[in-house]
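Following: one structure in structure tokens, then a few remarks.
The values are calculated or read from the model by the stated rules, or taken from the named source; none is laboratory data. Since the model is a prediction, treat every value here as computed from it, not as a measurement. Please note: Cβ atoms are built from the backbone with ideal geometry, for glycine as well, and neighbour counts cover all protein chains shown.
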Amino acid sequence: MRRQWCVLVILAGFLHVFLYQAAAQPATGEIRGYFPQFVLGSGAQSTIVLVNPSPHSPVQGTIELFDRLGNHWPVVVDQVPYGNGEVPFELPAGGTRFVAPDTGDWPLMTGWARIRAHSPVTATILHGGSAGQAGFPAVNAAVDYVIPVESRAGQARTSIAVSVPGGQPVSLTLRLLDAGGHVVPGGTASVELSAREQRASFIDELLPTADLSNFRGSLQVESNVSIPLVALHSAPGRLSTLPVYSRDQTTFFSFEGNLQGWEPRALDVDDGGAKADWSIAPSAGRNDDGGFSLLFLLDNLTDAGKIWIQKPIVVEPSRLYKVRVSYSFATKDFGTINLWRIIAGVRARPPERAQDLTFQGETGHGSPSDIGYTWLDKSYDFDVESGPDGLLYVFLGVWGTWETPRGYYIDRVTVSIRE
């Protein structure tokens, strides 16, 4: 009996470790879209509908649920609890799944959701409750929005819902325009959001001094970082979605097991006498989003090595664009001596020489002591004219200015482009 008890204890310990490790694994897969509004409780129900558009291949992924403060939202789906708010799914070719978390006896709770998958998947959310029913597809993040607005006392109201998917605070600038395109009195405001926060508000709540008793016009929303946004139109017993127009082209990269079309490049890694080994590849060892990031390794024996990734973005030819590149950068460089330099830039042609690269600040994390790797938020703005081929080349990396081997991580890259 004692031997059986020991075996059971060992087995239980193994299962505990296994389950703990499984629960601790971050959701992987590329981000396929956001739902800035997710509602449960008090008679309201949000249902996410997933469809695999491929006629040949299955798709696997995860629905990540967060409450309005950005914490993982524990839910129960089909009597299965998901304490970390991550609901995995697997769809056969052409398959469909409806995901409707149990509401129980909850009061009304709001939050947001994110869809990750290793291959394309179509996602739609359905909202139902006493205010009516509405549905909209998963949306991408952007920095610049225009929303049609209708507000009539007791008859119609317009609301927006936003969420902050990144780990930094967000500042929104609001401008309410009448039908003639003029800013109305009391029609400007600033809104501050915390990292990973979700907020849903009526326009008359955001702009309380503007006269919205009988109004039709539009709302411009500008953000300092890319965020997802949706708009809803409500009338007595009826709820419907409103079109949201984004004036910028935004793409997101989290390097979930691949380079996502970015090309590794290097300069000054072989001076004829010394050769600097280098690599840029996805790594599961450290991440700020999903399960992977890009690891930049350079054994800087030439004392001048430069390694980076670059990607062409298709735009209109020969036009001036404003480009914002933001990303997470992990470094363990400390102090102020022997720091390397950051490479981050946008050009109409791919960089071929050192003078074609754009060098930004240093690679230190700011601490005077060795505290290990630290994630930093980096963001840079560029004004650049596209070439006649209609391409802009974005590049990110490091310049080795000291003869030592070092490693850095880049994750959660967002590129926003607008005229």
Selection status of Gln45, closer than 16 Å to Ala138 by Cα and in a strand (DSSP E or B): no
Going residue by residue through the range 278-291, is there one that turns out to be in contact with a Gly (Cβ under 8 Å, 6 or more places away or on another chain), of a type in the set (A, V, I, L, M, F, W, C) and more than 30 Å from Ile63 (Cα to Cα)? yes
Scanning the range 190-202 for residues that are assigned to a strand (DSSP E or B) and either under 30 Å from Asp288 (Cβ atoms) or in contact with a Gly (Cβ under 7 Å, 6 or more places away or on another chain) (or both) gives Ser190, Val191, Glu192, Leu193, Gln198, Arg199, Ala200, Ser201
Look through the range 90-101, keep the residues that are without any contact (Cβ under 8 Å) to a residue 60 or more places away in the chain and within 18 Å of Phe38 (Cα to Cα), and return whichever of them is surrounded by the fewest Cβ atoms within 10 Å (Cβ to Cβ). Phe98
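Out of the residues in the range 308-333 that are touching a Pro at 6+ places or on another chain (Cβ under 7 Å) and modelled with pLDDT of 95 or more, state the one that is surrounded by the most Cβ atoms within 10 Å (Cβ to Cβ).
We begin by selecting, within the range 308-333, every residue touching a Pro at 6+ places or on another chain (Cβ under 7 Å); these are 309-310, 317-318.
Applying the additional criterion that residues be modelled with pLDDT of 95 or more yields 309-310.
Details: Ile309: 23, Gln310: 20.
Top of the filtered list is Ile309.
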Does at least one position in the range 203-212 carry a residue that is part of a strand (DSSP E or B) and either crowded, with 18+ Cβ neighbours inside 10 Å or out of contact with any Ser or Thr (no Cβ under 8 Å at 6 or more places or on another chain) (or both)? no
Residue identified as hydroxyl-bearing (Ser, Thr, Tyr), in contact with a Ser or Thr (Cβ under 8 Å, 6 or more places away or on another chain) and surrounded by 14 or more Cβ atoms within 10 Å (Cβ to Cβ) among Tyr393, Tyr408: Tyr408
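Take the residues of the range 50-66 that are surrounded by fewer than 17 Cβ atoms within 10 Å (Cβ to Cβ) and out of contact with any His (no Cβ under 6 Å at 6 or more places or on another chain): which is nearest to Trp112 (Cα to Cα)? I'd like the intermediate steps shown before the answer.
Here is the first cut: in the range 50-66, the residues surrounded by fewer than 17 Cβ atoms within 10 Å (Cβ to Cβ) are 51, 53-58, 60.
Okay, now just the ones that are also out of contact with any His (no Cβ under 6 Å at 6 or more places or on another chain), so 51, 53-58.
On the way: Val51: 20, Pro53: 24, Ser54: 27, Pro55: 30, His56: 31, Ser57: 28, Pro58: 26 Å.
Ranking the qualifying residues of the range 50-66, first place goes to Val51.
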Failed condition for His182, given (1) under 30 Å from Asn258 (Cβ atoms); (2) free of Cβ contacts under 8 Å to residues at least 24 places away in the same chain, with all others met? (1)
For Gly237, the lone unmet condition from (1) at pLDDT 95 or above; (2) closer than 20 Å to Gln37 by Cβ; (3) loosely packed, with under 15 Cβ neighbours inside 10 Å is (1)
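Rundown of residues vs (1) part of a strand (DSSP E or B); (2) over 16 Å from Thr336 (Cα atoms), yes/no style:
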| position | (1), (2) |
| --- | --- |
| Gly361 | yes, no |
| Ser369 | no, no |
| Gly372 | no, no |
| Leu376 | yes, yes |
| Tyr380 | yes, yes |
| Asp383 | yes, yes |
| Phe395 | yes, yes |
| Trp402 | no, no |
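Any chance the range 263-283 includes a residue that's charged (D, E, K, R), modelled with pLDDT under 90 and farther than 21 Å from Ile31 by Cβ? Outline the logic, then answer.
Let us first name the residues in the range 263-283 that are charged (D, E, K, R), namely 263, 265, 268, 270-271, 275, 277.
Those still in the list that are modelled with pLDDT under 90 too: 271.
Filter again for farther than 21 Å from Ile31 by Cβ, leaving 271.
Yes: one or more hits.
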Got at least one residue in the range 100-111 being polar (S, T, N, Q) and either at pLDDT 90 or above or under 27 Å from Leu229 (Cβ atoms) (or both)? yes
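Based on what the data block shows, is Leu259 under 21 Å from His118 (Cα atoms) and of a type outside the set (Val, Ile, Thr)?
Numbers: under 21 Å from His118 (Cα atoms): yes; of a type outside the set (Val, Ile, Thr): yes.
Yes: the conditions hold for Leu259.
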Could you please find all residues in the range 253-309 being over 31 Å from the mean Cα position of the chain (by Cα) and assigned to a strand (DSSP E or B)? Asp270, Lys275, Asp299
Residue ranges of strands (runs of 3 or more DSSP E) in the range 78-155 with at least 3 members of a type outside the set (A, V, I, L, M), closer than 19 Å to Thr47 by Cα and touching a strand residue (DSSP E or B) at 6+ places or on another chain (Cβ under 9 Å): 86-91, 96-99, 109-117, 122-129, 132-137
